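The values are calculated or read from the model by the stated rules, or taken from the named source; none is laboratory data. Since the model is a prediction, treat every value here as computed from it, not as a measurement. Using ideal geometry, Cβ is built from the backbone for each residue, glycine included, and neighbour counts are taken over all protein chains shown. What goes into the accessible areas is simple: the full protein's heavy atoms, side chains included, and nothing from ligands, DNA or RNA. Shrake-Rupley method; radii C 1.70, N 1.55, O 1.52, S 1.80 Å.
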Amino acid sequence: MRPGEAVRQIEYVIDATTTDGGRRCAAGYRPAFERVHAAGDGDDVADLAAALGDEVRDGARPDPAAAGRVADELLGVATDGGS
């Protein structure tokens, strides 16, 4: 999966579950998808989309920083746990 496809997928999930406006909200996740695509592969991008989509369906709205942390976890990147 490519980053643009993943962003569209999250747009659809947001639109189907809330009134927040999927296009506006999902655009903030693009940097995380692009980073995962550059460091991993299409399967990693799909995994990130699935993880974020699950959170959205559960009623959460991860901010872009949270999406970045999920991306780091998927890629096995060590983080400082906070910033």
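What the table below lists for this structure:
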| read-out | value |
| --- | --- |
| Residues of the chain: accessible area per residue with a 1.4 Å probe, Å² | 56 Å² |
| Of Ala6, Cys25, Val45, farthest towards positive along the dipole that unit charges on Lys, Arg, Asp, Glu beta carbons give the chain | Cys25 |
